[in-house]
Amino acid sequence: QKEVEQNSGPLSVPEGAIASLNCTYSDRGSQSFFWYRQYSGKSPELIMSIYSNGDKEDGRFTAQLNKASQYVSLLIRDSQPSDSATYLCAVNLDTGGFKTIFGAGTRLFVKA
Amino acid sequence: DGGITQSPKYLFRKEGQNVTLSCEQNLNHDAMYWYRQDPGQGLRLIYYSQIVNDFQKGDIAEGYSVSREKKESFPLTVTSAQKNPTAFYLCASSRAGGMNTGELFFGEGSRLTVL
């Protein structure tokens, strides 16, 4: 059973702090990794994708990938109350493949 | 504006009835997907389609059926054989081939409740 594991949270951080969200995956052959943000009652929205080891930065978001440790993380700098949402980690087993496996998500609360 | 439109947003069904959820996209994406989300759980893949007139079962296809007669449309039928149909259903699309395949664009979702 191929799995993506996330701490369900909630993770609570004060406004302006760094939020760190973590994800592990079971299939060592996984190739593509994604972070989606989902507000309560809404559909997921892609915020980051990462395909090679190391860091990828986009604005206040940084995705980190370590394939040897089968670990993906998302850092949110200068957290804002509007960042309060559930963050879903997703893994695609094959580059160009159509089966994306999602974790259950981590709920993040940013306190004003 | 390009996007994915799902309808209806809310649907109530009596046990034993089939229902069809609509999904239309104007992003010119080849691939389309149906996911199901239950409270506190991740998304689970029901069906996906790489191209018109072709579709594949996902991890939880039992009790569901789909068709892909047009590139823009990928309707999902929830049949009476689905034992626990109450859930949030999400349609998505993506480019096909290459790394972009995993970059999914979602519709607003359809919330189905079985009475």
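In straight Cα distance, which lysines are under 20 Å from A:Lys2, not counting same-chain residues fewer than 8 positions off?
A:Lys67, A:Lys99, B:Lys57
What spacing in nm lies between the two simple spin-label points modelled at A:Lys56 and B:Ser80, each 7 Å away from Cα in the Cβ direction?
So the label points at A:Lys56 and B:Ser80 sit 4.7 nm apart.
Among A:Val72, A:Ser84, A:Val13, whose Cα sits farthest toward the positive end of the charge dipole of the range A:13-104 (+1 at Cβ of Lys/Arg, -1 at Cβ of Asp/Glu, about the Cα centre)?
Of the options given, the answer is A:Val72.
Dividing the Cα convex hull volume of the range B:1-112 by residue count, how many Å³ per residue is that?
Working: hull volume 11.1 nm³, N = 112.
Here the figure is 99 Å³ per residue.
Counting other beta carbons within 10 Å of each residue's own, what order do B:Met99, A:Met48, B:Met32 fall into, fewest first? Write down the numbers at each step before the final one.
Details: B:Met99 14, A:Met48 19, B:Met32 30.
Placing the least packed residue first, the sequence is B:Met99, A:Met48, B:Met32.
Arrange B:Thr113, A:Thr24 by Cβ neighbour counts within 10 Å, fewest through most, would you? Don't skip to the end; give the middle numbers.
Details: B:Thr113 11, A:Thr24 18.
In order of increasing Cβ crowding within 10 Å: B:Thr113, A:Thr24.
When only Cα pairs under 8 Å and 6 or more residues apart are kept, what is the percent relative contact order across chain A? Intermediate results must be reported in sequence, preceding the final value.
Numbers: 288 pairs, mean separation 42.6, N = 112.
Normalised by residue count, the contact order of chain A is 38 percent.
Could you tell me the extents of chain A's C-alpha atoms along the three principal axes, largest first, rounded to whole Å?
Rounded to whole Å, the extents work out to 41, 29, 20 Å.
In whole angstrom, how far apart do the alpha carbon centroids of the range B:84-115 and the range B:3-37 sit?
8 Å
Given Cα pairs under 8 Å that are at least 6 residues apart, what percent is the relative contact order of the range B:1-56?
Working: 61 pairs, mean separation 15.0, N = 56.
Once normalised by length, the contact order is 27 percent.
Just checking the output field for B:94-105: average partner chain Cβ neighbours within 10 Å of each residue's Cβ? Write out the running numbers ahead of the final one.
Details: counts 4, 1, 2, 3, 3, 7, 4, 9, 18, 8, 10, 4.
Counting Cβ atoms of other protein chains within 10 Å of each residue's Cβ and averaging gives 6.
What does the average come to when, for each residue of peptide B:40-46, you count the partner chain Cβ atoms lying within 10 Å of its Cβ? Intermediate values should be presented prior to the final figure.
On the way: counts 5, 4, 13, 12, 2, 5, 0.
Averaged over the peptide's residues, the number is 6.
Rounding to the nearest 20 debye, state how big the charge dipole of chain A is about its Cα centre with +1 on each Lys and Arg Cβ and -1 on each Asp and Glu Cβ.
Values: 11 positive and 11 negative charges, 29 e Å.
About 140 debye.
Could you tell me which GluC sites (Glu not before Pro) in the range A:1-92 are loop residues by DSSP with no more than 16 other beta carbons within 10 angstrom of their beta carbon? Please list the in-between numbers first.
Values: sites: A:Glu3, A:Glu5, A:Glu15, A:Glu45, A:Glu57; in loops: A:Glu3, A:Glu15.
Loop-located and lightly packed - A:Glu3, A:Glu15.
To the nearest Å, what is the center-to-center distance of the range A:10-27 and the range A:59-93, using C-alpha atoms only?
7 Å
Using the Kirkwood formula on the Cα atoms of the protein assembly as shown, what hydrodynamic radius do you get, in angstrom to one decimal?
After inverting the pairwise mean of 1/r, the radius is 18.0 Å.
Hey, what's the per residue convex hull volume over the C-alpha atoms of the range A:1-65, in cubic angstrom? Could you put the intermediate results ahead of the total?
On the way: hull volume 7.8 nm³, N = 65.
Given the Cα convex hull of the range A:1-65, per-residue volume reads 119 Å³.
Tell me the relative contact order for chain B as a rounded percent, counting alpha carbon contacts under 8 Å between residues six or more apart. Intermediate values should be presented prior to the final figure.
Numbers: 294 pairs, mean separation 39.8, N = 115.
Answer for chain B is 35 percent.
Bear in mind these aren't lab numbers, they're just calculated from the coordinates by the rules spelled out. Keep in mind the model is a prediction, meaning the values are calculated, not measured. Cβ: placed from backbone, ideal geometry, glycine included. Neighbour counts: every protein chain shown.
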